[in-house]
Amino acid sequence: MATTNDIKNGTVLDLDGQLWQVLWFQHHKPGKGNTVVRTKIKNIVNGKTVDRTFQADTKIDMAQVDRSDMQYLYEDGTGYVVMDTTTYDQLTIPAEVFGDAKDYLLEGMTITVATHDGNPLYIDLPASVELEVTYTEPGLQGDRSTGGTKPATLETGKQIQVPLFITTGEKVKVSTESGEYLGRVNA
């Protein structure tokens, strides 16, 4: 049994039979009263995010979550097939677990899969990925009606905004958290 003082970002809590991941926490000592721990937690199953405050030193259940590096192989219609890089076991993960992460997946990419009692909970991608631009309109010099950006389609099908100088066939670095263009990749 752990206490609220053991909470860290990424910790998975078992609250009322549901699993919640801690996105943010802060220990707060008001002028009067006891210290509290403020948290922002996300339900792992449905993605709902809530703010919750705990009294300091309150006993809580921390879920045992195993994280392992896996290699993404392919999509098979029922989900995404990944392979454990140490045991070479293959696992099919439902599409709901991947969520928006599928927009950044390339075959052979290494991802982190978090499991609880053998069930996949969520996927952690690298902070950024390098993807090829498969289509974008040519940028016209002096065209600033869109703030100097234009839409571009990436090799995964995801659409992002890129600067006007990016052309079809170039590789760009994209944030997996926000989906924003981070820069051009020099070959």
Sorted by chain and number, the residues with a modelled amide H under 5 Å from that of Ala63, at a separation of 5 or more or across chains, are Val12, Leu13, Asp14
Along segment 43-57, Karplus-curve 3J(HN,Hα) (6.51, -1.76, 1.60; θ = phi - 60°) to the nearest Hz, with x for Gly and Pro, reads 5, 5, 6, 10, x, 5, 10, 9, 9, 9, 10, 10, 6, 5, 6
Here, Asp100 and His27, labelled 7 Å along Cα→Cβ, have an inter-label distance in nm of 3.2
Ranking Asn34, Met109, Val97 by how far each Cα lies towards the positive end of the charge dipole of segment 29-182 (+1 on Lys and Arg Cβ, -1 on Asp and Glu Cβ), the top one is Asn34
Labelled set [x] 62, 48, 26; [y] 64, 58, 43; [z] 52, 34, 32; Cα extents along the principal axes in Å computed from this model equals the value at [x]
Karplus-derived 3J(HN,Hα) from phi for segment 5-14 (6.51 cos²θ - 1.76 cosθ + 1.60, θ = phi - 60°), whole Hz, x at Gly and Pro, runs 5, 8, 5, 9, 4, x, 5, 10, 9, 9
With all protein chains present, the chain has a carbon and sulfur share of its accessible area (1.4 Å probe) in percent of 46
Mean separation of Cα contacts under 8 Å (at least 6 apart) over the residue count of segment 6-141, i.e. the relative contact order in percent, is 16
The ³J(HN,Hα) series, computed from each phi in segment 77-84 with the Karplus coefficients 6.51, -1.76 and 1.60 at θ = phi - 60°, rounded to the nearest Hz and given as x for glycine or proline, is x, 9, x, 10, 9, 10, 10, 5
Segment 82-174 accessible area per residue, 1.4 Å probe, protein heavy atoms, integer Å², reads 54
Highest GNM mean-square fluctuation among Arg52, Arg67, Arg38, for the chain with Cα springs under 10 Å, belongs to Arg52
A chain fully extended from Lys8 to Thr92 at 0.36 nm per residue, minus the present Cα-Cα distance, gains in nm 27.3 nm
The FRET efficiency for Asp84 and Gln55, from their Cβ-Cβ distance with R0 = 35 Å and rounded to 0.05, is 0.30
Stretched fully, the stretch from Asp69 through Val185 gains (0.36 nm per residue minus C-alpha distance, one decimal, in nm) 39.3 nm
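The values are calculated or read from the model by the stated rules, or taken from the named source; none is laboratory data. Here the structure is a predicted model, which means the values were calculated and not measured. Because the Cβ atoms are built from the backbone with ideal geometry, glycine has one as well, and the counts that use them run over all protein chains shown. Ligands, DNA and RNA are stripped out before the accessible areas are found, and what is left, the full protein with its side chains, is counted by its heavy atoms. Shrake-Rupley method; radii C 1.70, N 1.55, O 1.52, S 1.80 Å.
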